[in-house]
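First up is the structure itself, then whatever we jot down about it.
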Amino acid sequence: MNNKGMENTDYIKHHCDHYLGHRYDHMGKRKYGDREVDVCIIGAGAAGSVLAYELSKAGLETVVIEAGPFWNPQSDFASDELAMQNLAWNDTRLVAGNNPLSMGHNNSGRGVGGGPVHFTGVFFRFHESDFRVRTMDGAAWDWPITYRDLEPYYSKIERDIRVSGPRYFPWGAFHGPYPYPEREPISANSQVFRRGCDVLGIRSTVAPLAILSAPFDGRPPCTNRGFCNQGCMPNAKYSGLIHHIPKAIGFGAEILSDSMVTKVLTDRSGDRVTGVEFVHDGKTYKQKAKIVIISAFVVETPRLLLNSATPGHPNGLANSSGMVGKYIMPHTGHDIYGKFDEEIRFYKGTPVLAVSQEFYETDLHRGFIRGYTFNAHGSRPVSMARTLAANAGIWGKQLKEIMLDFNFYARITLVGEVLPYEHNTITLGNEKDEYGLPRPVVTFSYGENENRLIAHGVARANEILEAAGGQPAFVVPDTAHLLGGCRMGDDPADSVVNRFCQTHDIPNLYICDASVFVTSGGCNPTETVMAVAARTADHLIQNAGRGGQKREEVSRGKVTANAR
Amino acid sequence: MKNSDVISNNAGSDKIDIHYPDFNVLDLMDEWDSHTKEIVRRRLEPLPDREFFTDREAWYMGMIARHMVYDYRDDIIEWVIHHFDRKLGSGIGESQRKQGTPPEAVLVREGLKALDHVSHLSFGKDFGELDEKQQFEILAGLQMGKAPKIPQWSQVPQKDLFDKLVSEIVAAYYSHPAIWSEIGYGGPMYPRTYVRIELGLTEPWEARRTEKNRGAGSDEQ
């Protein structure tokens, strides 16, 4: 289709080079040019933003290369579902398996800030059991780290971005309080969810959110606009775009946006990486670095490793185990709708304001292992109608009639754990993209455990809606998030990175994003992605000190949320 | 133009009851941010020339869209086709595509041709010459992957064709402000803020049911 060669086909073009006091719409004035920097990070998403902030703050020379634009929320975002699909990674991924995944807006971000630019802001810690599924349930694997290893980083991230949440959180190892008070009031959709839970004796809470409940750092509290998935215009919702990245720039980092990394470069021996090759507007550039960190998400990270194969690494970089691209896991994302006599108007307010993790841990009486989170989850017309049509097969007169009652529906989303299976993979396809690189193939099929979990969750959700006074209306199958594909482990024979996200095969190549997840957990994963990134940053900073790499801190400018 | 006027042009003979006949989301347009305003306004203006669809293809798309969204209002259907036309003509990716399915531009173009073949097999006429009931039967068959067998389906998987058409058409249709008004969706909301988000509460500018439209189970609190 695209005969335009390697041109940047993003809707929006901005400056592509950003560092303190400078921004350019060309690559002629790069801060480091041909020089080797300490760290090059590929991808400015949930993980890359935290890494950029922490490493530049510690004085490491840091360059972040991001495929998409450096958004300006005020002029690029809009209160419109259709137009804001451009926040997603829309490049075609080939999908396969018994349950081919929806990609794009469903799970992948594009542009500075990455997925969190269009996430709902639901911010959970994993439970202790999530790291020990093999030990506790005899399935999947244990992580090489435990909850305790991540605990200080969960706390740090929550503090740094002022997560709001309930005074008491009933499930898992952390019971609150959160740095900022819980959101109040909550939306009608969340109210009916809690009402139904109360009737049934199911505990529920106000959602912990990466959305401000009070002013912070020049940013206002949430205005309940409800367009979290279309990009937050008031800047009340966290993303690296408005927090970590501008601060990283203040600490000296350089951000190269609209720049697609096409290859990680190695030295002649193949023992070390030397930097990356990237394409901006049809031209190829290099960035040399002592350390390369790939934070490009579950599809593009394995894809880049596989596409960077060399004679010394014929199966792709860091892939001596053959594990690159294996064991990917989405979450179940089934939407359960109930119809009410009263108006719910679930377009209003932050989409998720109430949750329950009552069914999170394994209970063998249920006939499956592991569990799920319920999110009371508002929606909007395009999202509702499109998934009804595409996922539930409802169209024509029936769809029209349902949508005329748009304001009378409430919705619960089932975020359920998906076990890792070897047959769920990222591989390279035969078809090539505009860079001449093979497109990724994303293959996914549910297993029996997931099918039972989904049946259980759908039944419970319908009970909640009924107890709240609604009529169970319809269930729209869906998935959310994507994890795994470069899992961490202690054994180089069956994992890609070690407990610090360093690849087993190449000591100066790191992978730090959702792809290192060993299991999926049964809840929204962004906080865990960011905590893993903060821990990796700590490890790199300590090692840089020991290795004599620590350098004088770059001159720091005034750091504001608006610094670009 | 009030919704109650246009709804009578709707497809089918049964009258469709709407809850908010007096609500027009565009009354609030002056309150919106300029970027959103510009995006939505373009949906109401005369449409520029097509980039992808031929006249015949656009004619077919119109017929298909009317079935899929159950609406006969020409201005809205034209906008839906325009949106699809721009998407197929652009270099933007399609997020995901099943392995073995052709790129969306090929899928749609070849798929529209295949509709004629399958219509001939079933009814001895082109798709465009069929009556509504016959067209519906063909489309419903596609959705189930059970339209009569023709060689073209090996290149253009019928279910994938249906899913592509319905997904883009429905997304565009529910992006039209006339539809937002009809369903009582508050629409764009910035820089104004919501204060009343709890059960039973509405902002003064939100859609309200008229007395006539309020049933026994009124939510007034």
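Using 0.36 nm per residue and subtracting the Cα-Cα separation, the extra length available between A:Asp217 and A:Asn72 on full extension is 50.4 nm. Between A:Asn315 and A:Glu448, the simple spin-label model (points 7 angstrom out along Cα→Cβ) gives 2.9 nm. Each Lys or Arg adds one and each Asp or Glu takes one away; over the other residues whose Cβ falls under 15 Å from the Cβ of A:Pro181, this sums to +1.
For chain B, the number of Lys pairs with C-alpha atoms closer than 18 Å, counting only pairs eight or more positions apart or on separate chains, is 17. Taking the chain by itself as reference, the stretch B:85-99 contains these residues with an accessible-area loss of 40 Å² or more in the full protein complex (1.4 Å probe, heavy atoms): B:Gly91, B:Ile92, B:Ser95, B:Gln96, B:Arg97, B:Lys98, B:Gln99. For A:Gly429, the residues whose modelled amide H falls within less than 5 Å of its own, excluding neighbours fewer than 5 places apart on the same chain, are A:Arg439, A:Val441.
With all protein chains kept in place, the per residue accessible area of the stretch A:62-148 amounts to 24 square angstrom at a probe of 1.4 angstrom. Expressed in units of 2.2 N^0.38 Å, where N is the residue count, the Cα radius of gyration of the protein assembly as shown is 0.93.
For A:Ser257, nonlocal amide neighbours, meaning residues 5 or more places apart or on other chains whose placed amide H falls under 5 Å from its own, are A:Asp17, A:His18, A:Glu66. For the protein assembly as shown, a simple Cβ point-charge model (Lys and Arg +1, Asp and Glu -1, everything else neutral) yields a dipole of about 1440 debye relative to the Cα centre.
Counting only Cβ charges, +1 for Lys and Arg and -1 for Asp and Glu, the dipole size of the stretch B:3-193 around its Cα centre is about 800 debye.
Near A:Thr274, the amide H atoms lying under 5 Å from its own belong to A:Leu265, A:Thr266, A:Asp267; only residues 5 or more places off or on other chains count, and H is placed 1.01 Å from N. Shown are A:Leu404, B:Leu201, whose ranking by accessible area with a 1.4 Å probe and every protein chain present, most to least, is B:Leu201, A:Leu404. Between the C-alpha center of the stretch A:87-149 and that of the stretch A:157-212 there is a gap of 21 Å. Applying 1/(1 + (r/R0)^6) with R0 = 41 Å to the Cβ-Cβ distance of A:Arg203 and A:His15 gives a FRET efficiency near 0.25. With the dipole of the stretch A:139-251 worked out from charges on the C-beta (+1 for Lys and Arg, -1 for Asp and Glu) around the Cα centre, which of A:Ala140, A:Pro152, A:Phe193 lies farthest toward the positive end? It is A:Phe193.
Taken as Cα centroids, the stretch B:116-157 and the stretch A:378-437 sit 26 Å apart, rounded to the nearest whole angstrom. Which FRET efficiency, nearest 0.05, do B:Asp30 and B:Glu132 yield, Cβ-Cβ r, R0 51 Å? Once rounded, the FRET efficiency stands at 0.80. Relative contact order of chain B, taken over Cα pairs closer than 8 Å and 6 or more residues apart, is 33 percent. So which residue, out of B:Arg41, B:Arg192, B:Arg97, gets the largest mean-square fluctuation from a GNM of chain B using Cα contacts under 10 Å as springs? Looking only at B:Arg41, B:Arg192, B:Arg97, the biggest GNM fluctuation is shown by B:Arg192. Rounded to the nearest 100, the interface formed by chains B and A buries 5800 square angstrom of accessible surface, both chains summed, with a 1.4 Å probe.
Distance between the 7 Å Cα→Cβ label points at B:Asp17 and B:Lys98: 3.9 nm. For chain B, the convex hull drawn through the C-alpha positions has a volume of 163 cubic angstrom per residue.
Here, P(r) means the percent of Cα pairs in each 5 Å bin from 0 to the largest distance; for the stretch A:176-224 it is 5, 18, 25, 19, 17, 9, 4, 2, 0.
The modelled label-to-label distance between A:His175 and A:Lys432, using points 7 Å beyond Cα along the C-beta direction, is 6.0 nm. The residue list B:Ala147, B:Ser175, B:Phe127 was ranked by how far each Cα lies along the charge dipole of the stretch B:3-193 toward its positive end, using unit charges on Cβ atoms, and B:Ala147 comes out on top. For B:Asp55 and B:Gln155, a Förster radius of 35 Å and the Cβ-Cβ distance give a FRET efficiency of 0.90, rounded to the nearest 0.05. Take every Cα pair under 8 Å whose residues are at least 6 apart in sequence, average their separation, divide by the length of the stretch A:219-335, and the relative contact order is 14 percent. Between A:Asp281 and A:Arg268, the contour length at 0.36 nm per residue exceeds the Cα-Cα span by 1.8 nm.
The trypsin sites (Lys or Arg not before Pro) of the stretch A:23-125 meeting both criteria, a DSSP state outside H, G, I, E and B (loop) and at most 15 other C-beta atoms within 10 angstrom of the site's C-beta, are A:Lys29, A:Arg35. Taking every C-alpha pair closer than 8 Å and separated by at least 6 residues, the mean separation divided by the residue count of the stretch B:65-174 gives a relative contact order of 35 percent. Scanning chain A for GluC sites (Glu not before Pro) that sit in a DSSP loop and have at most 14 other Cβ atoms within 10 Å, the longest stretch containing none of them is A:8-421.
The values are calculated or read from the model by the stated rules, or taken from the named source; none is laboratory data. Every value quoted in this text rests on a predicted model; they were computed, and no experiment measured them. Backbone-built Cβ (ideal geometry, glycine too); neighbour counts: all protein chains shown. With ligands, DNA and RNA removed, areas are computed over all heavy atoms of the protein, side chains included. Shrake-Rupley method; radii C 1.70, N 1.55, O 1.52, S 1.80 Å.
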